[in-house]
Amino acid sequence: MILEITHLKKTYAGRTVVDIEHLTVSAGDTIGLVGNNGAGKTTLFRMILDLIRPSSGEILSRSKTVAGNDHWKDYTSSYLDEGFLIDYLTPQEYFVFIGSLHHMHVTDVMEHLQQYEDFFNGEILNKDKYIRDYSKGNQNKIGIAAALLQKPALLILDEPFANLDPTTQIRLKAHLKTLRSDHVTTLISSHDLNHVTDVCTRIILMEKGEIIKDLHTDRNTLAELEAYFSE
Amino acid sequence: MEMLIEKLLPGKNVILVFNGMILYYFAIDFLARLQLQELPTLAVVPYLHLNIPKRKLVTFLNVRAAFTAFNVLPLFIFFPFCILHISESYGPLVCIMYLLSIFSLMVFNNYAALYFKRITAENTKAVLSGLIFLITIALLEYLNLFSIASLSDRIFEYISIQPAAGLVFVCMAALMFFINDRYLKGNLYIEELQSDVQKRSASDYPFLDRFGEAGALAALEIKLILRNKRPRATVMKGLIFIFYGLLFYKQKMLENNDFTMMLFAAVFMTGNVTILYGQFMFGWQSAEFDGLLVSKISIKSFIKAKFLMLTMASTALTLIVSLYGLISWKILLIQFAAYLYSIGVSTVIVLYFATKNYKYIDLSKGASLNWQGVGATSLLMSIPLLLTPFIIYTPIALLSNPYWALGCIALTGIAGCLTRNFWIDFLVAAFDKRKYKIASGFRERS
């Protein structure tokens, strides 16, 4: 079990945004988090990453509480939004910086990035631009690649398919599937039901902060989700 | 106004002084505009794709540019005097020409400053050359080689004899307006209105490698300063303050060993990056703060990196201002004491107050008259920081002698450096306590 969430609650001025009684994630799971805007997906991610203090409850990562600890940073990497990028660096500088935090040498980083050559589609490396000058889709690619570069055991991505072109979406899906065979635990949120049901082994549906459904993906899952959202 | 002139410069011809003032005013006005007047270009971006003729957009920009305090001030300063005095002495025609000339100068300055800013947008060279220009003019005036005042006087005296000459100013203003107008019309594209895209290349600071993770973070921060407008301008401002010594270091005080005022200058000169840049610490990184928190950075090295950065800045500044040592060796003593205080004490105070700063800062905006991120804490911070040296200095200087007092300031600084590990732990605890609040504050971007 890599993550265990108990009695987790987050309230803002009396309004409950996240309210999860119990949730466990076993190592190697690929979990898709779906739900309309305001369901509490991003807030949940932020609490798992110790960016927001829960109002009550606890999140355990490898049986040790996340809040106030650093141990989880060794094996957790994430990309939620552009706020995770250092936008005045070139992509290379950013990758090298992130790599250096994990004691990777420049050559290791560059070698590792080669496997993303087709994911980048020639648009990221050696462009002599700062990250802030890239389009949103390309910034997204940089953030995802930087998260993968850290060779995580737990990967958290918030709407990774958003702003990506179709080719890259397909390549990302393929890559996420290989991560599954490498036993990387992955948590992604998405508004694209086709993609999540394709990639994920388990789907969690949230609404107004609560978990409504927790499904193991099978042939009927997509239809079930579509039925739920078209109500 | 004539009362003021008579009081300040008794026995001089009022109109002569007035004439001398005009060009002087507009020279300063021009530099002030370069620094402070906002370019209204971006205001037009939301309308570019709508069905509005280009001509209209350009006119909108031009008209909008006229609405600034710089264009109101001269009307209040010069017009009443002209109407009362010039018409009395020279008749209404000359008075009208005077008004027209002054008005034209104002319009000329308005559009010249904007044009200048447009063609050299994002160019630090322009600011520097403007500064050098200002210093040269001041020097020439001081050495009586060239005087704007007398030039101005001659020009306006000529107008009083030959009123039609005032039309030259009108033509100048009209010309400037049209140059600006044509430039805008030809360059009304978002791409061209914004800063030019330079080739961005990666850079490295290998000398920081020996500091490990803290070194990598300090290198990151150096890039932040060099590659973003507001932090760069803030640090540049700090460099201007190294001229404080010219104002505060006085021969007489040095002879009397009266270091109080000089100590203030020294503390400010050696520590101004710490104060000016440090007051927004963490806020500079507000855009990527979430990313920093989740990445594998220990807060300890994060804080250490800040110390490293501020120490390097103070060291560099101290080396530069050591040139004042040519005036007297006593200055070197004062500055060295101030330097030790800056790196030992100021840094801790600044970083502590930084943990109470929750305001997002947009790095791409200019630094002058920009109050984003300025809160009560950042202003409060400078009080203990600038006051402490005097609390140490004054009683000891009175009881024994000023040199001992300087020594005590230096000792406080050394004590701060020696106990740095304690302060790092203290700051880490303060940071951890408030990190959620800081992070959520930085997420609110307004």
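The values are calculated or read from the model by the stated rules, or taken from the named source; none is laboratory data. Values in this document were obtained by computation on a predicted structure and should not be read as measured data. Backbone-built Cβ (ideal geometry, glycine too); neighbour counts: all protein chains shown.
A few points about this structure:
- Considering the stretch B:269-299, the residues that are more than 30 Å from B:ILE334 (Cβ to Cβ) and part of a loop (DSSP other than H, G, I, E, B) include one that is farthest from the other protein chains (Cβ to nearest Cβ), namely B:PHE282.
- Cβ-Cβ under 6 Å pairs, at least 6 apart or on other chains, the stretch B:79-92 side among the small types (Gly, Ala, Ser), far side surrounded by 17 or more Cβ atoms within 10 Å (Cβ to Cβ) and assigned to a helix (DSSP H, G or I): B:SER87/B:CYS95
This table checks each residue for (1) at pLDDT below 75; (2) more than 18 Å from the chain's Cα centre (by Cα).
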| site | (1), (2) |
| --- | --- |
| B:ALA112 | no, yes |
| B:ALA121 | yes, no |
| B:THR136 | no, yes |
| B:ASN144 | yes, yes |
| B:ARG154 | no, yes |
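- Filter result (closer than 14 Å to A:GLY68 by Cα, in contact with a helix residue (DSSP H, G or I) (Cβ under 7 Å, 6 or more places away or on another chain) and more than 11 Å from chain A (Cβ to nearest Cβ)) within the stretch B:425-439: B:VAL428, B:ALA430, B:PHE431
- Under the condition of being surrounded by fewer than 22 Cβ atoms within 10 Å (Cβ to Cβ) and either assigned to a loop (DSSP other than H, G, I, E, B) or not small (Gly, Ala, Ser) (or both), the residues counted in the stretch A:132-143 number 5.
- Within the set B:MET261, B:MET312, the sole residue that is without any contact (Cβ under 8 Å) to a residue 60 or more places away in the chain and more than 11 Å from chain A (Cβ to nearest Cβ) turns out to be B:MET261.
- The stretch B:343-366 - residue that is buried (at least 20 other Cβ atoms within 10 Å of the Cβ) and small (Gly, Ala, Ser) and, of those, nearest to the other protein chains (Cβ to nearest Cβ): B:ALA354
- In the stretch A:47-75, residue nearest to the other protein chains (Cβ to nearest Cβ) [restricted to those that are touching a residue at least 60 places away in the same chain (Cβ under 8 Å) and in a loop (DSSP other than H, G, I, E, B)]: A:LEU49
- Residue within the stretch A:76-92 that is more than 25 Å from B:SER440 (Cβ to Cβ), within 10 Å of chain B (Cβ to nearest Cβ) and not in a helix (DSSP H, G or I) present: yes
- Residue that is farthest from the other protein chains (Cβ to nearest Cβ) [pool: residues in the stretch A:93-112 that are part of a helix (DSSP H, G or I) and surrounded by fewer than 17 Cβ atoms within 10 Å (Cβ to Cβ)]: A:GLU111
- Unique residue being aliphatic (A, V, I, L, M), away from every other protein chain (no Cβ under 14 Å) and either crowded, with 21+ Cβ neighbours inside 10 Å or touching an Asp or Glu at 6+ places or on another chain (Cβ under 6 Å) (or both) when the list is B:LEU406, B:LEU418, B:LEU411, B:LEU380: B:LEU406
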